[in-house]
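Below is one structure, written out as structure tokens; the observations come after it.
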There are 2 protein chains.
Amino acid sequence: MRSLRIVRTSTAILLLTARPGLAQTSSPAAAGASVEAMYRDIADSLIRAATGDSAAYARLGNLVDGFGHRLSGSASLEAAIDWVLAQMKSDGLENVQGERVMVPHWVRGEESVELVKPRRARLHMLGLGGSIATPRRGITAPVLVVTSFDDLHERAAEARGKIVLFDVPFTTYRETVKYRVEGAAAAARAGAVASLIRSVAAYSIRSPHTGVMHYDSTVTPIPAAALSVEDAMMLRRFQDRGQPVVVTLRMAARTLPDAPSRNVVAEVVGRERPDEVVVLGGHIDSWDVGQGAMDDGGGAVAAWEAVRLMKQLGLRPRRTVRVVLWTNEENGGKGSLAYRDAHADQLTKHVLAIESDNGVFAPKGFRFSGLDAAFAKAQEIAELLKPIGADKVSREKDSPEADIAPLVERGVPGMGLDVEGSRYFWFHHSEGDMLDKLDPAEVGRCVAALAVMAYVAADAPDGLAHAAAR
Amino acid sequence: MRSLRIVRTSTAILLLTARPGLAQTSSPAAAGASVEAMYRDIADSLIRAATGDSAAYARLGNLVDGFGHRLSGSASLEAAIDWVLAQMKSDGLENVQGERVMVPHWVRGEESVELVKPRRARLHMLGLGGSIATPRRGITAPVLVVTSFDDLHERAAEARGKIVLFDVPFTTYRETVKYRVEGAAAAARAGAVASLIRSVAAYSIRSPHTGVMHYDSTVTPIPAAALSVEDAMMLRRFQDRGQPVVVTLRMAARTLPDAPSRNVVAEVVGRERPDEVVVLGGHIDSWDVGQGAMDDGGGAVAAWEAVRLMKQLGLRPRRTVRVVLWTNEENGGKGSLAYRDAHADQLTKHVLAIESDNGVFAPKGFRFSGLDAAFAKAQEIAELLKPIGADKVSREKDSPEADIAPLVERGVPGMGLDVEGSRYFWFHHSEGDMLDKLDPAEVGRCVAALAVMAYVAADAPDGLAHAAAR
């Protein structure tokens with residue numbers, strides 16, 4: 001997903017400075033040849049290899065069926081990372097490493113919301129990541145349903161001692177997720193004893209969605225959870241009819257000391273300029289529900305497979321291609337920061353960073369963050385993806401993908417794989433994020449798109465500078 | 001839903017005998033006037049009243065939010081029936097009664113399926129209605145995944161001592177539901193210790209679906225449950241990879257002695273031929289998940305509202321219109337049998353029976369079971385529903401709706417409200433069957449369709465005989 005951290009400090013990404021990485025790689029000898037002429041055959045061979053079988057989907061199945069969900073701090077995440085590292089070595093990838101990262105360690109524990117009035121019923125819920133627990137007996141209180149922060153503001157006098165429910169229908173993720181992230185702080189400020197949200201979900205079959213929330217240092221933390229869309233709507237209907245609503249929220253969530261995790265890194269080392277790097281990846285961690293197949297097992301495996309195919313086809317580009325499976329994207333972003341810091345002295349030679357974290361659905365192309373010249377070159381490379389319909393490169397209108405955002409802030413051109421994501425928020429952070437939500441052929445096309453973009457950006461004699469020189 | 005009982009003895013409905021009811025109501029005086037000429041104004045006034053506000057949706061909300069799900073034998077079902085009876089009286093409906101019916105009383109209890117091998121995980125499941133319990137410690141056994149009864153047959157030697165999982169993708173309800181109904185008996189016959197199915201669901205967000213199952217008197221009963229589609233697919237993938245699968249099934253389900261329930265009956269008594277009756281209704285019971293809003297709170301309320309609107313508009317048809325909210329459609333059909341038996345001596349004067357039990361989505365028309373002449377007349381009446389797009393009457397290709405099936409077997413013409421039901425099996429018998437799955441405007445159009453069809457069939461001087469005489 002696009003970076004929440006960046007959502008909160010979004011001016012930062014407007015301050016991208018011109019940076020030398022790509023512009024200095026120009027190679028006059030081949031500057032005249034078109035990308036199409038130079039790379040059509042190689043691109044087609046990568047596309048054929050990626051779409052000719054279901055290897056990526058099978059590998060993703062082994063990952064997510066074999067280890068399940070992979071929340072930061074969990075044994076399943078670290079076991080999955082061990083397995084990936086071993087598999088990458090047996091793939092013949094180079095410099096395979098787990099780079100240590102300390103990550104938050106939040107544990108859900110038993111949890112429930114019970115409707116007490118106007119009748120008894122068990123509601124469908126998921127605690128939000130980072131929430132504190134309730135007392136063991138739970139918190140039983142009247143519910144005040146509000147429809148926005150403004151609505152809460154207007155009804156602040158009614159909120160004291162109540163459980164506030166933000167019943168906000170999904171519009172865009174950016175517009176709706178702020179209630180998940182900041183709702184508890186806003187409710188606490190109004191004197192509420194707990195905070196609930198309508199799940200941030202574009203569709204629901206009584207399927208609640210979790211995700212990260214943040215407290216505010218100026219107010220006392222209160223427990224925070226998401227109800228299913230259906231349950232939130234029901235509580236709102238009770239209130240609209242004038243029926244007092246009382247619920248009991250119970251959460252045994254705990255935040256343990258930070259735990260060690262790892263960013264997975266592996267390479268195909270460049271044949272001419274090994275110190276210049278194209279990074280591509282996804283995040284290996286997930287929420288503690290479903291299998292994290294869509295978010296983001298699929299993105300992680302697709303990037304990995306893209307690099308494996310280069311190796312398999314004997315393609316060693318001029319520059320190094322490095323696959324990075326970031327840890328802790330979901331509740332901390334510590335993996336992305338650790339990568340940035342561990343490789344701080346190499347960042348000026350990072351010529352491109354690509355992330356896939358919108359589900360490996362049918363790929364449409366990429367969203368680009370960076371300078372105009374590099375954007376133009378990326379568009380030129382993407383033309384090679386016309387056979388699989390993934391040739392559209394647009395300017396990133398939102399924040400860059402979360403794990404590459406710290407690199408983009410340092411001036412590295414960034415790209416996010418753009419996909420047909422109309423059902424992404426049906427499954428995102430829910431128990432429904434299971435392997436079957438992805439399609440083997442679509443996953444294969446995502447692998448192809450990542451492989452072609454990464455390989456050509458890494459190999460092009462003049463990097464993305466050719467376009468910059470126009 | 002269409003009758004499962006009839007599914008099992010489907011030849012019965014082919015034996016419909018010619019019956020006198022409608023044919024004997026001919027009234028030569030008005031035989032020449034067209035339905036269109038006689039009833040256009042009344043039909044339009046019913047359509048306007050039904051679609052002019054959200055009264056039906058609001059009433060449905062009061063029912064399903066107020067009482068929740070309503071399984072036979074539950075306190076919530078009987079409380080809902082009490083409320084409906086009181087409301088019907090205050091609506092001014094006539095002869096409002098709860099007609100006693102003894103119904104099965106199955107109680108779910110605590111239940112779970114835990115994956116033990118190849119890794120530990122809690123699977124999403126619902127026990128099937130009518131299942132026996134497991135021992136308290138559960139049943140832990142290897143899983144054999146089969147894809148059909150034939151597949152089980154071929155692998156019968158492997159099934160002994162195992163938990164059989166029927167992983168059958170949804171095609172049609174009729175094709176798929178047989179694994180829910182008969183799977184446990186087939187698995188037991190092969191020596192299995194428990195039976196699981198992939199939920200009978202056209203779409204899933206890890207949302208299991210319950211429903212009735214039947215044992216077979218020739219084999220020992222074994223516990224039976226449904227996994228979510230996602231979980232069933234995962235177990236199959238494990239098996240396909242050669243990974244042994246072991247699960248622990250725990251179910252505390254109990255079948256208690258039959259309990260008293262009631263069919264709700266209310267009328268607008270006919271002004272000329274009060275002993276001739278048009279029945280319309282839905283079923284008031286539901287499964288013990290979700291709210292039973294779609295299945296079939298909506299159908300029950302739509303039929304009730306159709307009759308209330310006649311009363312409100314001062315429309316008293318020639319014959320009696322009787323709304324019936326059947327009990328125990330879901331796991332026994334005792335309400336439909338009790339209605340048939342309690343009114344056995346009136347059935348030859350039942351001129352039409354209509355049920356709405358496919359969700360009150362956008363109405364398209366009706367499916368008809370009965371004689372050609374009556375079918376033609378029903379088509380003529382349905383022309384009045386062109387303004388709301390509900391004018392198509394087709395021959396019932398399946399069984400009649402479950403609650404009117406016993407009447408159709410006795411020769412009563414039957415009609416099922418036909419709707420745009422593409423998402424019906426997304427929610428059916430699942431926690432997702434909540435009010436928000438229905439749309440107020442569509443519910444209103446269903447009310448209109450039921451009201452116009454019932455009123456005109458009850459009022460037409462020659463009943464459906466006009467067509468029969470052609």
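The values are calculated or read from the model by the stated rules, or taken from the named source; none is laboratory data. The structure presented is a predicted model; accordingly, all values stated were derived computationally and were not measured. Cβ atoms come from the backbone with ideal geometry, glycine included; neighbour counts cover every protein chain shown.
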Across segment A:233-242, the tally of residues that are in contact (Cβ under 8 Å) with a residue 24 or more places away in the chain and either more than 8 Å from chain B (Cβ to nearest Cβ) or within 22 Å of the chain's Cα centre (by Cα) (or both) stands at 3
Inspect segment B:245-264 for any residue being within 14 Å of chain A (Cβ to nearest Cβ), surrounded by fewer than 21 Cβ atoms within 10 Å (Cβ to Cβ) and either assigned to a helix (DSSP H, G or I) or out of contact with any strand residue (DSSP E or B) (no Cβ under 6 Å at 6 or more places or on another chain) (or both) and give the result as yes or no. no
With criteria (1) surrounded by fewer than 21 Cβ atoms within 10 Å (Cβ to Cβ); (2) more than 30 Å from B:PHE368 (Cβ to Cβ), B:ASP288 comes up short on (1)
Within segment B:64-86, residues surrounded by fewer than 19 Cβ atoms within 10 Å (Cβ to Cβ) and touching a helix residue (DSSP H, G or I) at 6+ places or on another chain (Cβ under 6 Å) come out as B:ALA79
In segment A:49-84, residues that are more than 22 Å from A:VAL289 (Cβ to Cβ) and either modelled with pLDDT under 95 or within 11 Å of chain B (Cβ to nearest Cβ) (or both) total 1
Within segment B:130-139, the residues that are crowded, with 16+ Cβ neighbours inside 10 Å and out of contact with any Leu (no Cβ under 8 Å at 6 or more places or on another chain) are B:GLY130, B:SER131, B:ILE132, B:ALA133
By residue number, the members of segment B:435-466 that are within 14 Å of chain A (Cβ to nearest Cβ) and part of a helix (DSSP H, G or I) are B:LEU435, B:ASP436, B:LYS437, B:PRO440
Of the residues in segment B:296-347, those that are part of a loop (DSSP other than H, G, I, E, B) and under 23 Å from B:ALA43 (Cβ atoms) come to B:LEU313, B:GLY314, B:LEU315, B:ARG316, B:PRO317, B:ARG318
A:VAL145: passes all of (1) within 14 Å of another protein chain (Cβ to nearest Cβ); (2) of a type in the set (Val, Ile, Thr); (3) in a loop (DSSP other than H, G, I, E, B) but (3)
Among A:LYS89, A:LYS117, the single one that is over 23 Å from A:VAL212 (Cα atoms), within 14 Å of chain B (Cβ to nearest Cβ), of a type in the set (Lys, Arg) and surrounded by fewer than 19 Cβ atoms within 10 Å (Cβ to Cβ) is A:LYS117
Could you tell me whether A:VAL101 is within 14 Å of chain B (Cβ to nearest Cβ) and either more than 29 Å from A:PHE166 (Cα to Cα) or among the β-branched types (Val, Ile, Thr) (or both)? no
Selection from segment A:201-232 of residues under 26 Å from A:GLU154 (Cβ atoms), away from chain B (no Cβ under 14 Å) and among the hydrophobic types (A, V, I, L, M, F, W, C) yields A:MET213, A:VAL219, A:ILE222, A:ALA224, A:ALA225, A:ALA226
Counting only residues in segment A:420-434 that are buried (at least 24 other Cβ atoms within 10 Å of the Cβ) and hydrophobic (A, V, I, L, M, F, W, C), the one nearest to the other protein chains (Cβ to nearest Cβ) is identified as A:MET434
Per the filter on segment A:178-199, residues within 26 Å of A:SER399 (Cβ to Cβ) and crowded, with 22+ Cβ neighbours inside 10 Å are A:TYR179, A:ARG180, A:GLY183, A:ALA184, A:ALA186, A:ALA187, A:SER195, A:ILE197, A:ARG198, A:SER199
- Is one or more of the residues making up segment A:279-293 outside any helix (DSSP H, G or I), away from chain B (no Cβ under 14 Å) and hydroxyl-bearing (Ser, Thr, Tyr)? no
